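Data block below; observations after.
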Amino acid sequence: MKIYVLVKEVPDTYGDRKLDLETGLADRGGDMVLDEITERALEVALAYADKNAGTEVVALSMSPESATASVRRALAIGAASAVHVVDEDLRGADLTLTAEALAAAIRRGEPDLVITGNLSTDGSGGVIPAMLAEHLGYAQATALSAVEISEGQVAGTRAADAGNQQVTAPLPAVISITEALPDARFPNFKGIMAAKKKPLEVLSLHDLGVSADPAAAPRAIMTTVSEKPPRAAGVKIVDEGDAGTQLAEFLVQNRLV
């Protein structure tokens with residue numbers, strides 16, 4: 001079985017995340033790390049590979065050339081090889097272009113299963129897994145808190161308002177997982193050294209046959225960006241017998257009811 005795992009480099013989740021007011025893009029000038037949710041997705045694939053000989057796990061990333069170290073970390077954790085989509089025309093790519101480029105890279109590899117996180121910690125779009133399934137014509141099972149992979153299908157548990165749902169999907173499929181899945185294993189020295197020799201294929205949009213030209217397909221366009229205003233002081237209500245009335249008026253004025 002061949003499993004593709006989407007991995008993404010993001011600004012350090014323990015640091016401040018800001019937008020560059022010049023470009024409207026996330027400021028990536030600080031520390032960059034492999035997104036924890038994508039490491040968990042990688043762990044799901046590796047846990048299956050540990051028990052099933054012949055399983056090939058491939059890490060796939062669409063990121064700048066500077067993210068090579070993060071892609072290598074996925075190899076150090078245990079992926080057998082990696083595919084890195086790098087193209088200056090992907091700078092600031094919207095979800096539509098991102099899904100199109102990733103789907104083209106996945107299509108080249110013809111995997112049986114694609115595993116992603118449910119949403120990244122920087123963009124938090126949460127729709128890429130479903131968009132990939134649509135592009136590829138694969139079945140999909142998203143936001144899984146438990147996963148069981150077998151030869152012909154993947155099954156899992158999805159949290160719902162009324163309880164848990166048990167879902168299954170035939171392979172090939174795209175699944176996304178939540179933070180309920182285990183943390184990724186830590187790369188040891190042997191894995192770090194081995195990662196330097198593992199295959200890492202670098203692809204451009206031209207290689208994938210994808211165009212970033214807005215005329216080729218609808219794209220999202222950012223028209224303006226501004227800094228989030230400082231938080232204003234809250235309204236303090238002193239109960240002098242009319243606190244309920246004051247609270248109701250506050251909710252109405254702020255269109256909260």
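When residue 220 is tested against (1) surrounded by 14 or more Cβ atoms within 10 Å (Cβ to Cβ); (2) among the small types (Gly, Ala, Ser); (3) within 23 Å of the chain's Cα centre (by Cα), only condition (1) is not met. Does residue 86 satisfy being in contact with a strand residue (DSSP E or B) (Cβ under 7 Å, 6 or more places away or on another chain), of a type outside the set (Lys, Arg), within 12 Å of residue 201 (Cα to Cα) and touching a residue at least 24 places away in the same chain (Cβ under 8 Å)? Yes, satisfied. Looking only at region 148-165, decide whether some residue is touching a helix residue (DSSP H, G or I) at 6+ places or on another chain (Cβ under 6 Å) and closer than 24 Å to residue 9 by Cβ. Within region 148-165, not a single residue is touching a helix residue (DSSP H, G or I) at 6+ places or on another chain (Cβ under 6 Å) and closer than 24 Å to residue 9 by Cβ. If I filter region 50-73 for residues that are closer than 19 Å to residue 176 by Cα, at pLDDT 95 or above and either out of contact with any strand residue (DSSP E or B) (no Cβ under 9 Å at 6 or more places or on another chain) or among the charged types (D, E, K, R) (or both), do I get at least one hit? Yes, there is a match, as at least one residue in region 50-73 is closer than 19 Å to residue 176 by Cα, at pLDDT 95 or above and either out of contact with any strand residue (DSSP E or B) (no Cβ under 9 Å at 6 or more places or on another chain) or among the charged types (D, E, K, R) (or both). Each residue in region 179-229 was checked for being basic (Lys, Arg) and under 30 Å from residue 18 (Cα atoms), and 3 of them qualify.
Counting the residues of region 68-85 that are within 17 Å of residue 187 (Cβ to Cβ) and more than 15 Å from the chain's Cα centre (by Cα) gives 12.
Being among the charged types (D, E, K, R) and more than 29 Å from the chain's Cα centre (by Cα) holds for only one residue in 236, 228, and it is 236.
How many of the residues in region 125-153 are on the phi > 0 side of the Ramachandran plot and part of a strand (DSSP E or B)? Break it down stepwise before answering.
Here is the first cut: in region 125-153, the ones on the phi > 0 side of the Ramachandran plot are 126, 137, 143.
When the remaining residues are screened for being part of a strand (DSSP E or B), the result is 143.
Going through region 125-153 one residue at a time, the tally reaches 1.
Evaluating residue 58 against the criteria (1) touching a Phe, Trp or Tyr at 6+ places or on another chain (Cβ under 6 Å); (2) assigned to a helix (DSSP H, G or I) leaves one unmet condition, (2). Is there a residue in region 51-73 that is among the basic types (Lys, Arg) and closer than 22 Å to residue 157 by Cα? Yes, there is a match, as at least one residue in region 51-73 is among the basic types (Lys, Arg) and closer than 22 Å to residue 157 by Cα.
Of all residues in region 200-245, exactly one satisfies the criterion of being hydrophobic (A, V, I, L, M, F, W, C), without any contact (Cβ under 8 Å) to a residue 60 or more places away in the chain and either under 30 Å from residue 75 (Cα atoms) or not in a loop (DSSP other than H, G, I, E, B) (or both), namely 243.
All of 99, 79, 103 fail the test of being surrounded by 21 or more Cβ atoms within 10 Å (Cβ to Cβ), part of a loop (DSSP other than H, G, I, E, B) and in contact with a helix residue (DSSP H, G or I) (Cβ under 9 Å, 6 or more places away or on another chain), apart from 79.
Here is a yes/no grid of residues against (1) touching a residue at least 60 places away in the same chain (Cβ under 8 Å); (2) of a type in the set (A, V, I, L, M, F, W, C); (3) part of a strand (DSSP E or B); (4) surrounded by fewer than 16 Cβ atoms within 10 Å (Cβ to Cβ):
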| site | (1), (2), (3), (4) |
| --- | --- |
| 155 | no, yes, yes, no |
| 159 | no, yes, yes, yes |
| 164 | no, no, yes, yes |
| 169 | no, yes, yes, no |
| 176 | yes, no, yes, no |
| 181 | yes, yes, no, no |
| 184 | yes, yes, no, no |
| 194 | yes, yes, no, yes |
| 198 | yes, no, no, no |
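The values are calculated or read from the model by the stated rules, or taken from the named source; none is laboratory data. Here the structure is a predicted model, which means the values were calculated and not measured. Every residue, glycine as well, gets a Cβ built from its backbone with ideal geometry; the counts of neighbours run over all protein chains shown.
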